[in-house]
Amino acid sequence: LDPKLGMPRDWDLFSYAGVPLAVALFYTLLAGRTSITTRSAAVLSISLSLLVLIPRAGAQMSERIALAHLDDYRALDKIKNRNVRVMLGQYYQDRGREEAFQREAKRYERDFPEELTVTEALEQMYAGSYRQAAVLLAEVIEKNPLNWNAWSILGASYTRQKRLDSAMLCLKIADGLNPYNPIIYNNLGWAHFEKGEYEPAQEFWRRALKQDSLLVNALMGLDRTAWQLKNAERPCAHLSRGTTIGDPTVDLLRALGDCFLAYQDYDRARETYDEALRKGMDSTYFERLTKNFPQLSR
């Protein structure tokens, strides 16, 4: 149901109708016969289920009521229900309501100031300052052990340092705190890849792509594994397939260009980089590549 804000899952909504029907079914099976009383009970159960289901379903299709219901979830436990805040911000962003999105983002930063530290730690990790990133993430985790993002980034940082057992431990904690998250699945995939465990790596990347079909790192991981195992159906198949889903992003095109470059397919790499440049890719990145790979020059 849209807007999918008042209930965490559709099951929570439809279970109100399913429970009484299940009771009536078990009663019928245990009785071993369908008497007038049994049929009457079934009709009554169905009627009561509809009476419960229809207004609840209608409420979830009203944005005003759904948002009010979401606020109830948010008020129950600010720490545990932080993902609700992310979901609400994503809802506003998907519908182009920038003002509401920025308002929710500022409220999120106010209620969770440690997220700024998490962002700083992520930047430190990308810069290769793993020790500093770990210090910042440890501060966040000490204040809030339920911060799944801090655990996930710490796991990714350990993966880059080849501290793979520590990485797996952190990522399993993150997955327990926030299951079905594509970012965590992606990080688990890379941890398994670095351990040489290619089948579980591919499985986690596929799980990530079920949640986010354009997650670049997961697509890249599948193509990297195919290259590692020398069983690619065609070079860069997964990243190429990603470009056919909607309008490809700069990050996706750059990753695809890098993949073609790894296969020494310079013509297709240059074509892909050109498209990325037209969409705003930093030109200095391509200039550095052409110095190392003159084959990319026109």
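Can you pull out every residue in segment 94-115 that is assigned to a helix (DSSP H, G or I) and under 20 Å from the mean Cα position of the chain (by Cα)?
If the condition is that a residue be assigned to a helix (DSSP H, G or I) and under 20 Å from the mean Cα position of the chain (by Cα), then D94, F101, E104, A105, Y108, E115 are the ones that fit.
Counting just the residues of segment 152-180 that are part of a helix (DSSP H, G or I) and among the polar types (S, T, N, Q), which one comes out nearest to the chain's Cα centre (by Cα)?
My answer is S152.
Is one or more of the residues making up segment 116-133 closer than 19 Å to N181 by Cα and among the aromatic types (F, W, Y)?
Checking segment 116-133: not a single residue is closer than 19 Å to N181 by Cα and among the aromatic types (F, W, Y).
Inspect all residues belonging to segment 171-182 and state whether any of them is hydroxyl-bearing (S, T, Y) and either touching a Leu at 6+ places or on another chain (Cβ under 8 Å) or within 18 Å of L154 (Cβ to Cβ) (or both).
No; the residues of segment 171-182 include none that is hydroxyl-bearing (S, T, Y) and either touching a Leu at 6+ places or on another chain (Cβ under 8 Å) or within 18 Å of L154 (Cβ to Cβ) (or both).
Is segment 143-161 home to any residue that is within 19 Å of T225 (Cα to Cα) and of a type in the set (A, V, I, L, M, F, W, C)?
Scanning segment 143-161, I find at least one residue that is within 19 Å of T225 (Cα to Cα) and of a type in the set (A, V, I, L, M, F, W, C), so the answer is yes.
Conditions tested, residue by residue: (1) within 20 Å of A167 (Cβ to Cβ); (2) in contact with a Lys or Arg (Cβ under 9 Å, 6 or more places away or on another chain); (3) charged (D, E, K, R).
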position: E99; (1), (2), (3): no, no, yes
position: E104; (1), (2), (3): no, yes, yes
position: D111; (1), (2), (3): no, yes, yes
position: E114; (1), (2), (3): no, yes, yes
position: V118; (1), (2), (3): yes, no, no
position: R131; (1), (2), (3): yes, no, yes
position: A134; (1), (2), (3): yes, no, no
position: I141; (1), (2), (3): yes, no, no
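Pairs only if they're at least six apart or on different chains, beta carbon under 7 angstrom, first in segment 111-126 and in contact (Cβ under 8 Å) with a residue 24 or more places away in the chain, second in a loop (DSSP other than H, G, I, E, B); list them, first residue then second.
Between residues of segment 111-126 that are in contact (Cβ under 8 Å) with a residue 24 or more places away in the chain and residues that are in a loop (DSSP other than H, G, I, E, B), the close pairs are D111/K78; E114/N144; E114/N147.
Which condition breaks for L76 when tested against (1) within 24 Å of G189 (Cβ to Cβ); (2) of a type in the set (A, V, I, L, M, F, W, C); (3) surrounded by fewer than 17 Cβ atoms within 10 Å (Cβ to Cβ)?
(1)
Here's a check for you: in segment 116-151, which residue that is under 25 Å from N217 (Cα atoms), outside any helix (DSSP H, G or I) and among the polar types (S, T, N, Q) is modelled with the lowest pLDDT?
That would be N147.
Among the charged types (D, E, K, R), under 23 Å from S166 (Cα atoms) and surrounded by fewer than 21 Cβ atoms within 10 Å (Cβ to Cβ), is that true of E271?
No, not satisfied.
Do we find that E104 is of a type in the set (D, E) and loosely packed, with under 14 Cβ neighbours inside 10 Å in this structure?
no
The values are calculated or read from the model by the stated rules, or taken from the named source; none is laboratory data. This structure is a prediction, so every number in the text was calculated from the model and none was measured. All Cβ positions, glycine included, derive from the backbone under ideal geometry; neighbour counts span all protein chains shown.
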